[in-house]
Amino acid sequence: MGGVGDEEPALKRMKFSSNGLVALSNGSNSKEPVEGSSSGLMARPISAEGDEQVVGSRGVIKRVEFVRIIAKALYSLGYGKSGEHLEEESGIPLHTFSLNLFMQQVLDGNWDESVASLHKIGLEDERIVRSASFLILEQKFFELLDGEKVMEALKTLRTEIAPLRSSNSRLHELASCMVSPSPRQDTVGAGSRSKLLEELQKLLPPTVMIPENRLEHLVEQALILQQEACPFHNSSDEEMSLYSDHRCGKDQIPSRTFQILEEHDDEVWFVQFSHNGKYLASASNDRSAIIWEVDVNGGLSVKHRLSGHQRSISSVSWSPNDQELLTCGVEEGIRRWDVSTGKCLQIYERTGAGLVSCAWFPTGEYILSGLNDKSICMWELDGKEAESWKGQKTLKISDLEMSGNGEEIISICKDNAVLLLNRETKDERFIEEYQPITSFSLSKDNKFLLVNLLNQEIHLWNIEGDPNLVGKYKGHRRTRFIVRSCFGGLKQGFIASGSEDSQVYIWHRSSGELIEALPGHSGSVNCVSWNPANPHMLASASDDHTIRIWGLNCMKLEYQNGHSNGVHYCNGGT
């Protein structure tokens, strides 16, 4: 049945044009043929020996399918003569005689004959036959209307289309065309029959009619799979060739200290690049935060030192447009800063409660915070409370995120559970672990959550629908402190994490393979952040009071530290 078992001799097969599917105007009587099949040469029969039915060293590629797909590609590329010779020499036709006839009937507008031929081209599913018949007769209906043959069009609608019991709404649409006959140009104009063939091809099984660009699709798929399997692929500029299998070297991974930033006076607990990759924000036990600016050569310098918190700063959060920054003190308050001036724009506090985490609403209209009474609050920018969610919604030590569509708030609600709270419906979903959770990170596409556990494992959860554990990463050290991890690299294809052994760990996201452990810090590495605009730049924050900027081995070491140049100090006043 699969479109290759035709027993007609080669002389009876129709000759195809090398120009592909032709575009005919309404009612054309042109006999320009469709693509495919050999010129009138007699094709040699295919060998019946078993070892010649497959090609390739693993014996998984069927010779007939392989040859047909190559022939299809040759015709699509405009190599009609080559396609014909391949069919003739292999004895394997691209299409059967019945299918060739059917395609030509459609292009010639022989509607009744083409509907009859549908039953002869190897279709076993009657639903496909009905759907294809509907498309053909619909085209017939429109062309009759366009030719002002209204009564014939009405007869076609009543006696041919309606009995197919297809979509009632579509039948009503066709009937309305009888009242105001103004069919669309794309249904009756030049090329409309070729477009009809394209729609029919989507319905027909691939064994009957090979999809367009099938060979290109298979090759692209193979290249993408090689790319995804490559543990070091981290460059969009990396050219891929069909001549050899793809594999990058470790030189694509940021593994060399490019710069050491030493402006903090105490442990650095948190770092985060801005969405556009132009800035880095750091938070420290010295009660200050620093906004670092990334220059065109990748060097970082202090733009603003943000002072005013009375306690250590545990985290920061960039606004969606990167023009403002939130800093969160440990069970203190949240401050909102202007990135360009370094001015404190607003302080968010609640009497009798400390704020423990911060996040932005996706539109930038509100901010969210977790409180030490285990509730979550949403604030307007001017400091007015807009909404709150009480109960066991967060912990004193917890990250806080909001999904990109603004629907779900994500927080650690119990020692071993992450809450995904729908803001509108109040529905709750949970990620439940068997170990205490210390931190988490949300992927850029909002589909995955990276969860750090007390037992020195990092788990990757798919949070579309019911949460599903899809990956695990091991090797780093975590026994006493909060250690954070992140997604990063090209298409977020890597996972990076801090570690209590003073190293930065990097895994290949898909395979879970540990590919780098980067030494350099002299204290626990608390947090890492991968530049979202530069897959070759990674930042790490440590108890040794420094931030290290990691780059490629081939990068020139033009920057040794990040001392300020005209640094602007702010005291956090409003």
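The values are calculated or read from the model by the stated rules, or taken from the named source; none is laboratory data. Treat the numbers as computed from the prediction; the structure is a model and nothing was measured. Virtual Cβ from ideal backbone geometry, glycine too; neighbours counted across all protein chains shown. Heads up: the accessible areas ignore ligands, DNA and RNA and are worked out on the full protein's heavy atoms, side chains in. Shrake-Rupley method; radii C 1.70, N 1.55, O 1.52, S 1.80 Å.
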What single numbered condition from (1) more than 44 Å from the chain's Cα centre (by Cα); (2) crowded, with 20+ Cβ neighbours inside 10 Å; (3) closer than 30 Å to F97 by Cα fails to hold for A153? (3)
Which residues, taken from the stretch 157-171, are open to solvent by 80 Å² or more (accessible area, probe 1.4 Å) and of a type in the set (D, E, K, R)? R158, R165
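Yes/no per residue for (1) over 23 Å from L518 (Cβ atoms); (2) touching a residue at least 12 places away in the same chain (Cβ under 8 Å):
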{"site": "H246", "(1), (2)": "yes, yes"}
{"site": "D251", "(1), (2)": "no, yes"}
{"site": "F258", "(1), (2)": "no, yes"}
{"site": "F273", "(1), (2)": "no, yes"}
{"site": "S282", "(1), (2)": "no, yes"}
{"site": "S288", "(1), (2)": "yes, yes"}
{"site": "I291", "(1), (2)": "yes, yes"}
{"site": "V296", "(1), (2)": "yes, no"}
{"site": "H309", "(1), (2)": "yes, yes"}
R336 - would you say it is of a type outside the set (S, T, N, Q) and either in contact with a Leu (Cβ under 8 Å, 6 or more places away or on another chain) or free of Cβ contacts under 8 Å to residues at least 12 places away in the same chain (or both)? yes
Can you report the number of residues in the stretch 121-137 which are touching a Leu at 6+ places or on another chain (Cβ under 8 Å) and without any contact (Cβ under 8 Å) to a residue 40 or more places away in the chain? 5
Looking at the stretch 543-564, which of the residues that are within 17 Å of A281 (Cα to Cα), part of a strand (DSSP E or B) and not aromatic (F, W, Y) is modelled with the lowest pLDDT? N561
Of (1) crowded, with 16+ Cβ neighbours inside 10 Å; (2) modelled with pLDDT under 95, K343 satisfies all except one. Which? (2)
Filtering the stretch 287-311 down to residues that are open to solvent by 10 Å² or more (accessible area, probe 1.4 Å), part of a strand (DSSP E or B) and of a type in the set (G, A, S) yields S301, S307
Residues to consider are G333, G364; find the one that is of a type in the set (G, A, S), surrounded by fewer than 16 Cβ atoms within 10 Å (Cβ to Cβ) and modelled with pLDDT of 90 or more. G364
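Restricting attention to the stretch 77-96, report how many residues are in contact (Cβ under 8 Å) with a residue 24 or more places away in the chain, open to solvent by 50 Å² or more (accessible area, probe 1.4 Å) and of a type outside the set (D, E).
3
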Just to check your reading of the model, which residue among G488, G498 is in contact with a Lys or Arg (Cβ under 8 Å, 6 or more places away or on another chain), buried (at least 20 other Cβ atoms within 10 Å of the Cβ) and not hydroxyl-bearing (S, T, Y)? G498
Out of the stretch 423-457, which residues are in contact (Cβ under 8 Å) with a residue 12 or more places away in the chain and β-branched (V, I, T)? I431, I437, T438, V451
Can you give me the number of residues within the stretch 398-422 that are in contact (Cβ under 8 Å) with a residue 24 or more places away in the chain, farther than 15 Å from P467 by Cβ and among the charged types (D, E, K, R)? 1
In the stretch 370-416, which residues are open to solvent by 40 Å² or more (accessible area, probe 1.4 Å), touching a Ser or Thr at 6+ places or on another chain (Cβ under 9 Å), of a type outside the set (D, E) and outside any loop (DSSP other than H, G, I, E, B)? S388
